[in-house]
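Q: I'd like to ask you about the structure that follows.
The values are calculated or read from the model by the stated rules, or taken from the named source; none is laboratory data. The structure displayed is predicted, hence computed values, not measured ones. In this analysis, Cβ positions are derived from the backbone assuming ideal geometry, glycine residues included, and neighbour counts consider all displayed protein chains.
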Amino acid sequence: MTKYLISFPSGEMDLSDGGLQAAADAAHAVVAEAKAAGVWVFGGGIDESVPPVRVAADGTVTEGTYPQTRHLEGGYTVLELPTYEAALEWAAKIAEACRCAQEVRAFGDDPAS
C-alpha cells in the first residue's frame with residue numbers, strides 16, 4: 001500500500017459558518033474514522049510558534065528555511081491506502097471537516113527500506 005500526504009494551508013480554512021472549534025471537532029471525527037479503518041499513519045499541524053531551521057551534514061544549524069517553503073503551515077495527514085482513488089475519498093472527508101480543499105501527494109516507495 002502507498003502512503004499519501006493530504007494537506008492544506010491554514011489560511012484557506014473557511015471558518016465563517018461555525019468557527020474553529022466546529023472544524024476541530026469535525027477533523028477529530030475524521031481522524032477517529034481513519035484510525036478505526038486502520039489507514040491512519042500520522043497527522044497534525046505545523047507549530048508556527050517554533051521557527052524552522054536547516055541542519056547541514058556537519059551539524060551546523062541555520063535559522064530559516066528554503067524560500068519555497070517559507071510559508072509552510074497548516075494541517076497534514078498521512079494515510080496508508082490501497083489506491084489513489086481511496087486517497088481522494090479521504091481527502092474529500094478531510095476537506096469537508098477542515099472547510100477547504102486538500103492537496104494529495106503520494107510518497108514514493110523505497111524497496112530497500
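Q: Give, as residue ranges, the strands (runs of 3 or more DSSP E) completely inside the range 21-113 that count at least 1 residues that are surrounded by 13 or more Cβ atoms within 10 Å (Cβ to Cβ).
A: Ranges flagged: 40-45, 75-81, 103-106.
Q: Going by what's in this entry, would Glu89 be described as at pLDDT 95 or above, of a type in the set (Asp, Glu) and over 30 Å from Gly19 (Cβ atoms)?
A: No.
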